[in-house]
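Report on one structure; see the data block that follows.
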Amino acid sequence: MRKIILTGGGTAGHCIPNLALVPSLKERGFEIKYIGSYEGIEKKLVENAGIPYFGISSGKLRRYFDLKNISDPFRVIKGFGEALSILRKEKPQIVFSKGGFVSVPVVRAAGLLKIPVIIHESDMTPGLANRLSFGAAVKVCCSFRETLDYLPSGKGEFTGSPIRSELLKGDRLEARSFTGIREGDYTTLLIIGGSLGAQHVNEAVRSALPRILPEFNVIHLCGRGKLDPTLNHMDGYVQYDYIDKELPDLFALADIVISRAGANAIFEILSLKKPNILVPLPSGSSRGDQILNAEAFEKAGYSYVLRDEDLGDEALINAIRYVNEHRLEYLDAMEVAKEGRAVESICSLIDSSALRSCS
């Protein structure tokens, strides 16, 4: 049996797309193992999926002054040694990396051992961790066609973003039973802030609830530690700090999704064909990748973009009403989107590259 090492971590967005590949990789006869950080969010996600997990030391490469910039390079060096040892022992035919700084020592170690590496870049422009890894890669997959302009010549491959197949199997009735949301002629909004939540979005939604709830049901995924128990009495509003296995059902029930604009999240929304409002992280809180992602989706007609700096009661309510009135136009645009075959495309690349490494 051929063996593949998956790597990527730091956020769920650097791990969940890897897990989306697992069923197809198993069908193709791969034994799958994972390298991530000692205690990153990826550790629990991977172990819950029943995949053998190896933890290594990792550090972050920051563009700003921080005392950890002195110690973290030593953590990266340690992680490189640990990754080298794991790869020598496991002898995989190929490594697939979804990015995040834990992936850099793994990819570099694989390159040293002449193990083929395929990287996937989710955002419009490549992040630093992936850019540091390009030299060791045989192929760099990307979610946006425009990203090809930023990739090494001859290595770029447009594939789209891999989506978990279980997301497409949600049940509206199960969601109604789980949430207890009120019945009636209400459009259902699903607000997603990611595993850590999006505080500014949370505040805007909660402030606008008295004006939203007469027309809409609201399912609010607000992030761990960000529940507001004073709102539990509001008819038509339910909140959760985090949702796992019920998420496909909540998506099935949702008519409109409000989300940040991380690449994995927006491609999931696109695959599910949900009219949506994107509130990208402002450039001061990120490298600006979410703004570029959101602009690309708005240009394609998939999304309504509401800038974080413009977010407030009035702007949010206007955005919700606009998207609700134009839902059919958004659905038509998403219906003809061509970004939906990422898992098959990526696994085919992995398959052919692994075969070449065996020959």
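The values are calculated or read from the model by the stated rules, or taken from the named source; none is laboratory data. Bear in mind the structure is a predicted one, so any value in this text is a computation, not a measurement. Here the Cβ positions follow ideal geometry from the backbone for every residue, glycine too, while neighbour counts run over all protein chains shown.
Taking the stated definitions as given, is Leu190 within 18 Å of the chain's Cα centre (by Cα), closer than 27 Å to Ser143 by Cα and surrounded by fewer than 19 Cβ atoms within 10 Å (Cβ to Cβ)? So Leu190 does not fit the description; no.
Quick one: count up the residues across region 7-63 that are touching a Phe, Trp or Tyr at 6+ places or on another chain (Cβ under 6 Å), without any contact (Cβ under 8 Å) to a residue 24 or more places away in the chain and under 13 Å from Ser103 (Cα atoms). Qualifying residue count, region 7-63: 1.
Looking at Ala319, Ala342, which one is under 28 Å from Val22 (Cβ atoms) and of a type outside the set (Val, Ile, Thr)?
On the way: Ala319 fails: under 28 Å from Val22 (Cβ atoms).
The conditions single out Ala342.
In the set Val279, Val205, only one residue is of a type outside the set (Gly, Ala, Ser), surrounded by 21 or more Cβ atoms within 10 Å (Cβ to Cβ) and touching a Lys or Arg at 6+ places or on another chain (Cβ under 7 Å); that residue is Val279. Residue check: Asp123 meets all listed conditions (1) touching a strand residue (DSSP E or B) at 6+ places or on another chain (Cβ under 8 Å); (2) in contact (Cβ under 8 Å) with a residue 24 or more places away in the chain but one, namely (1). Just wondering, is there one or more residues in region 109-117 that are surrounded by 24 or more Cβ atoms within 10 Å (Cβ to Cβ), under 18 Å from Ile291 (Cα atoms) and without any contact (Cβ under 8 Å) to a residue 60 or more places away in the chain? For region 109-117, residues surrounded by 24 or more Cβ atoms within 10 Å (Cβ to Cβ), under 18 Å from Ile291 (Cα atoms) and without any contact (Cβ under 8 Å) to a residue 60 or more places away in the chain: absent. For Pro92, the criteria (1) in contact with a helix residue (DSSP H, G or I) (Cβ under 7 Å, 6 or more places away or on another chain); (2) at pLDDT 95 or above hold in every case but one, which is (1). The residue that is modelled with the lowest pLDDT, among those in region 1-31 that are of a type in the set (Val, Ile, Thr) and more than 21 Å from Val76 (Cβ to Cβ), is Ile16. The set of residues from region 282-317 being surrounded by fewer than 17 Cβ atoms within 10 Å (Cβ to Cβ), under 18 Å from the mean Cα position of the chain (by Cα) and among the acidic types (Asp, Glu) comprises just one member, Glu295.
Where residues in region 336-352 are among the small types (Gly, Ala, Ser) and not in a helix (DSSP H, G or I), which of them is modelled with the highest pLDDT? Please lay out each step first, then the result.
Of the residues in region 336-352, the ones among the small types (Gly, Ala, Ser) are 337, 340, 342, 345, 348, 352.
With not in a helix (DSSP H, G or I) added as a condition, the list becomes 337, 340.
Values: Ala337: 82, Gly340: 65.
Within region 336-352, the match that is modelled with the highest pLDDT is Ala337.
Return yes or no: is Arg164 at pLDDT 95 or above, of a type outside the set (Asp, Glu) and surrounded by 14 or more Cβ atoms within 10 Å (Cβ to Cβ)? Considered against the rule, which asks whether it is at pLDDT 95 or above, of a type outside the set (Asp, Glu) and surrounded by 14 or more Cβ atoms within 10 Å (Cβ to Cβ), Arg164 comes out as no.
Residue-wise test of (1) within 21 Å of the chain's Cα centre (by Cα); (2) of a type in the set (A, V, I, L, M); (3) modelled with pLDDT of 90 or more; (4) exposed (fewer than 13 other Cβ atoms within 10 Å of the Cβ).
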{"residue": "Lys33", "(1), (2), (3), (4)": "yes, no, yes, no"}
{"residue": "Gly36", "(1), (2), (3), (4)": "yes, no, yes, no"}
{"residue": "Gly40", "(1), (2), (3), (4)": "yes, no, no, no"}
{"residue": "Leu45", "(1), (2), (3), (4)": "yes, yes, yes, no"}
{"residue": "Ala49", "(1), (2), (3), (4)": "yes, yes, yes, no"}
{"residue": "Tyr53", "(1), (2), (3), (4)": "yes, no, yes, no"}
{"residue": "Ser57", "(1), (2), (3), (4)": "no, no, yes, no"}
{"residue": "Lys60", "(1), (2), (3), (4)": "yes, no, no, no"}
{"residue": "Asp66", "(1), (2), (3), (4)": "no, no, no, yes"}
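Look at region 308-331: where a residue is more than 17 Å from Glu203 (Cβ to Cβ) and a partner is aliphatic (A, V, I, L, M), sitting 6+ places away or on another chain with Cβ atoms under 7 Å, you get Val323/Ile256; Val323/Ile277; Asn324/Ile256; Tyr330/Val323. Restricting region 215-256 to residues that are among the hydroxyl-bearing types (Ser, Thr, Tyr) and touching a Ser or Thr at 6+ places or on another chain (Cβ under 9 Å) leaves a set whose member that is modelled with the lowest pLDDT is Tyr242. Of all the criteria given as (1) without any contact (Cβ under 8 Å) to a residue 40 or more places away in the chain; (2) assigned to a helix (DSSP H, G or I); (3) buried (at least 23 other Cβ atoms within 10 Å of the Cβ), the one not satisfied by Val140 is (2).
Just one of the listed residues (Asp171, Asp235, Asp249, Asp185) is crowded, with 18+ Cβ neighbours inside 10 Å, among the charged types (D, E, K, R) and more than 21 Å from Ile41 (Cα to Cα), namely Asp249. In summary, Ser259 fulfils each of the numbered conditions (1) hydroxyl-bearing (Ser, Thr, Tyr); (2) surrounded by fewer than 16 Cβ atoms within 10 Å (Cβ to Cβ); (3) at pLDDT 95 or above with the single exception of condition (2).
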